[in-house]
Amino acid sequence: MKVLEMTEKEMMQKNIEEFSRLQTYMLLAEKDSETYKAMKVRYIELKIILTSSGINLTEIDRIKK
């Protein structure tokens with residue numbers, strides 16, 4: 001069975017979609033909740049991945065923290 005590998009473009013698209021979706025959830029959550037704090041960790045990880053890949057987050061970053 002051949003394992004399908006994601007291309008770099010597909011991986012970036014997946015990360016951008018996850019970043020956007022995660023921000024929607026974060027904006028709905030209470031900022032002092034444990035859920036928000038857990039999501040914030042992933043938000044920071046995705047922000048680092050995307051910026052290090054040359055993605056400009058100016059337009060899509062709604063949390064900006």
L22 vs (1) part of a loop (DSSP other than H, G, I, E, B); (2) in contact with a Lys or Arg (Cβ under 9 Å, 6 or more places away or on another chain): all pass except (1)
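Among L4, L57, which is the only one that is outside any helix (DSSP H, G or I), open to solvent by 60 Å² or more (accessible area, probe 1.4 Å) and not charged (D, E, K, R)?
Exactly one of L4, L57 is outside any helix (DSSP H, G or I), open to solvent by 60 Å² or more (accessible area, probe 1.4 Å) and not charged (D, E, K, R), namely L4.
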Quiz item: Do we have K64 as open to solvent by 100 Å² or more (accessible area, probe 1.4 Å) and not polar (S, T, N, Q) here?
Solution: yes
Note on the range 29-41: residues surrounded by fewer than 14 Cβ atoms within 10 Å (Cβ to Cβ) and either part of a helix (DSSP H, G or I) or hydroxyl-bearing (S, T, Y) (or both) are S33, E34, T35, K37, A38, V41
When you scan the range 21-42, do you find a residue that is touching a residue at least 12 places away in the same chain (Cβ under 8 Å) and among the basic types (K, R), even just one?
yes
Only one of (1) open to solvent by 60 Å² or more (accessible area, probe 1.4 Å); (2) among the hydrophobic types (A, V, I, L, M, F, W, C); (3) at pLDDT below 95 does not apply to M12, and that is (1)
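The values are calculated or read from the model by the stated rules, or taken from the named source; none is laboratory data. Small disclaimer: the values here were computed from a predicted structure and weren't measured. Heads up, the Cβs are rebuilt from the backbone with ideal geometry, glycines too, and the neighbour counts pull from every protein chain shown. Heavy atoms of the whole protein, side chains included, go into the accessibility calculation; ligands, DNA and RNA do not. Shrake-Rupley method; radii C 1.70, N 1.55, O 1.52, S 1.80 Å.
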